[in-house]
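Inspection log for the structure reproduced underneath, given as structure tokens.
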Amino acid sequence: MADRWLAGFVLALSGVYLFATSRLPSLEIGDPLGPKAFPFLIGGLGCITAAWLFVESLHRRPGTPAGEQPAARHHLPAVIAVMAWMFVFYFLIERLGFLLSCALFLAGLTAYFNRGRWLMNAAVYLGFPVGVYLAFTQILGISLPRGVLPF
């Protein structure tokens, strides 16, 4: 039942976000997509995620948990650790660059949350930063911090 509430909240939040995005002014010069493309993408993905969560919650048998959940006493330290790790990422991104700092950030997260699956973790913490870097720099034309890498 909590998943349905969360799906409804995310859907409502995404709807408000999309409405606010639609009210952004359109520019006649510059990028043909304008300032609305990325916010529309984020809002649309939020709606898709909410719908997916809602449909998934409908197909789950009553009384079946969404997955193996750790004991509640472990949630707060994990949240604090992830927040601290995000601050480390924030301070390293300019010094090391996007690729290295994001790979290090994801390596730490996947090592903790996906223990023992080293090959899968390596694919995530190496593939995701490279994909995002190429998408931003080559497709969107947006520069990301280079840091110590020459490219």
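With each label point set 7 Å from Cα along the Cα-Cβ vector, what nm distance links residue 82 and residue 119?
2.7 nm
Give the value in nm², to one decimal: projected area of the alpha carbon convex hull of the chain, averaged over all directions.
12.1 nm²
Counting only residues 5 or more places away or on other chains, whose amide H sits under 5 Å from the amide H of residue 146 once H atoms are built in the peptide plane?
The list, which skips near neighbours in sequence, is 98.
Using just the helices of the chain, give the 222 nm mean residue ellipticity in deg cm²/dmol: DSSP H runs with n ≥ 4 each add -39,500 (n - 2.57), and the total is spread over all residues, rounded to 500.
Estimated from H runs of four or more residues: -22500 deg cm²/dmol.
Kirkwood Rh over Cα pairs of the range 75-151 into Stokes-Einstein at 4 °C, 1.567 mPa s: D in µm²/s?
The diffusion coefficient I find is 98 µm²/s.
Please turn the phi angles of the range 39-56 into ³J(HN,Hα) values with the Karplus equation 6.51 cos²θ - 1.76 cosθ + 1.60 (θ = phi - 60°), one per residue in order, whole Hz, x for glycine and proline.
3J(HN,Hα) across the range 39-56, in whole Hz: x, 5, 4, 4, x, x, 5, x, 5, 5, 4, 5, 5, 4, 4, 5, 5, 4.
Measuring from label point to label point, each 7 Å out along Cα→Cβ, what is the residue 42 to residue 95 span in nm?
Taking the two extended label points, one gets 2.7 nm.
Throughout, read-outs are computed from the coordinates displayed, never taken from laboratory work. Fair warning: this is a prediction, and the values are worked out from it, not measured in the lab. When we count neighbours, we look across all protein chains shown, and the Cβ atoms used for this are built from the backbone with ideal geometry, even at glycine.
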